[in-house]
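Structure first, then comments.
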Amino acid sequence: MTKAAAPLLDRDPLAEEVAAFLVANPDFLAHRPELYRALAPPRRVHGENLADHMVAMVAAERARLNTIEAEMQEALANGRAGAGLALRVRLAVLALMRARDVTDTIGQELPPLLRVESCTLLAEPRRAGRSGLPRQGVRPLPDGAVTRLLGPGRDARIRTEPTEAELLHAEAAPLVARDALVRVPLCCGTPCILALGARDAATLPARQAAQTLAFLGRAVAAALSR
């Protein structure tokens, strides 16, 4: 088959039928080796125009297995990172349970426990008829910021390219390469989030972390309600 014939084959309505036939009869060419000389081979062998389909099949299978192995390694790495985060969150929850000053514990004790550069509690102003924030140590956010930053229906969000870092992480902003925003469901209804800023991306894995961080947000809310 010449190079000029290839485009014609792509437009030939019989091409799909031929392909389907070969899939349904995988040993067709094995029983008709003379056809190999008429085919454009995936690889030349000994200088002859002979298709070494075994080599082509092995190469394709190796490529597929390499892809599967890479996906498995990524899944294992994400699993290990997720398990490490879960353990650190448990330690953080224990610290919240014994905390006398919750906001101070969030800002001072939680960063080393979670292995992040910053841990900041932020809230929007209360609705009409109310004033102030839940308590001292909570940084203010503009109206509507929680929904805008988290997105509708989300309790936690990992961001690989943090925005508004100075607003969320204050003086630690230059160090933050990845952050996590976690909803804190306060009983008073004030929109509130916990912002975690990390220098090391592995500290806040992009997968298998949302539920763990959402649990941390609920634990912070429970501690604040005491």
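The values are calculated or read from the model by the stated rules, or taken from the named source; none is laboratory data. As the structure is a computational prediction, the values presented were derived from the model and not from experiment. So basically every Cβ, Gly included, is an ideal-geometry build from the backbone, and we count neighbours across all protein chains shown. Surface accessibility is based on the protein's heavy atoms, side chains included, excluding ligands, DNA and RNA. Shrake-Rupley method; radii C 1.70, N 1.55, O 1.52, S 1.80 Å.
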> Within the P(r) computed for the stretch 83-226, what percentage of the Cα pairs occupies the region above 21 Å?
Replying inline: 35 percent
>> If R₀ is 25 angstrom, what is the calculated FRET efficiency for the pair residue 177 and residue 147, using the beta carbon separation as r and rounding to 0.05?
In response: 0.50
> Given labels modelled 7 Å from the Cα in the Cβ direction, how far is it in nm from residue 20 to residue 94?
Replying inline: 6.4 nm
> Using a 1.4 Å probe, what is the accessible area per residue for the stretch 102-226, in Å²?
Replying inline: 50 Å²
